[in-house]
Amino acid sequence: MGVLTDYFRAPDAATVVRALELKDGGLPPLDGDGSSDEAFDGVEAKGVDPDTVLGRLVAATLGEPWRVDLVTETAVWPTTPKPGPSGPEDEDDPWTTGPWVVELGATARDALAGVPDERVPEAVGRWAEAEEWDGADPSDLLPLAEELTALARRARAAGEQLYCWMSL
């Protein structure tokens with residue numbers, strides 16, 4: 001079972017929560033360029049979790065080694081309190097079932113937004129070496145990296161944050 005991940009931009013967490021409440025946690029439609037008032041500008045990126053897989057792309061764009069704390073996250077959804085160390089008491093708890101949305105720290109947005117176009121293929125070459133890609137061809141990953149960097153540029157230009165919606 002793979003994790004579905006979509007990245008999108010929004011002005012703030014409150015805007016994201018309002019949209020999620022209208023869809024019972026389902027991600028409102030992505031329109032790819034932010035041209036619709038009813039959809040978020042975003043990128044479908046199945047299996048690209050923010051901590052590790054996206055974190056490795058961020059590290060590659062920065063030209064530094066990946067580390068677990070490179071991409072910081074703040075939980076946005078569910079809005080209920082996180083369960084304690086023993087986990088949720090109920091198997092229907094939204095923290096167990098998802099979906100989940102996190103706001104990414106500005107470091108990730110700015111690293112992706114700041115990589116020059118001519119350096120994206122080089123960064124993707126490093127990104128493709130990550131064990132999570134299991135020997136993927138960099139040319140297969142380049143379109144996704146270009147979409148993610150373009151999304152980050154639009155977010156930064158608009159003074160918005162990047163978010164990741166995840167579901168099983």
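No lab work stands behind these numbers, since they all come straight from the coordinates. Given the structure is predicted, the values throughout are model-derived calculations rather than measurements. Note that we place each Cβ from the backbone using ideal geometry, even for glycine, and neighbour counts take in every protein chain shown.
The table below gives the values:
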item	result
Count - residues of the range 117-147 that are assigned to a loop (DSSP other than H, G, I, E, B) and either aromatic (Phe, Trp, Tyr) or buried (at least 17 other Cβ atoms within 10 Å of the Cβ) (or both)	1
Count - residues of the range 96-116 that are buried (at least 16 other Cβ atoms within 10 Å of the Cβ) and not charged (D, E, K, R)	12
Residue under evaluation THR80, criteria (1) among the polar types (S, T, N, Q); (2) touching a residue at least 60 places away in the same chain (Cβ under 8 Å); (3) farther than 17 Å from LEU162 by Cβ, criterion not met	(2)
Matching residues, the range 148-166, being crowded, with 16+ Cβ neighbours inside 10 Å and not in a helix (DSSP H, G or I)	GLU160, GLN161, LEU162, TYR163, CYS164, TRP165, MET166
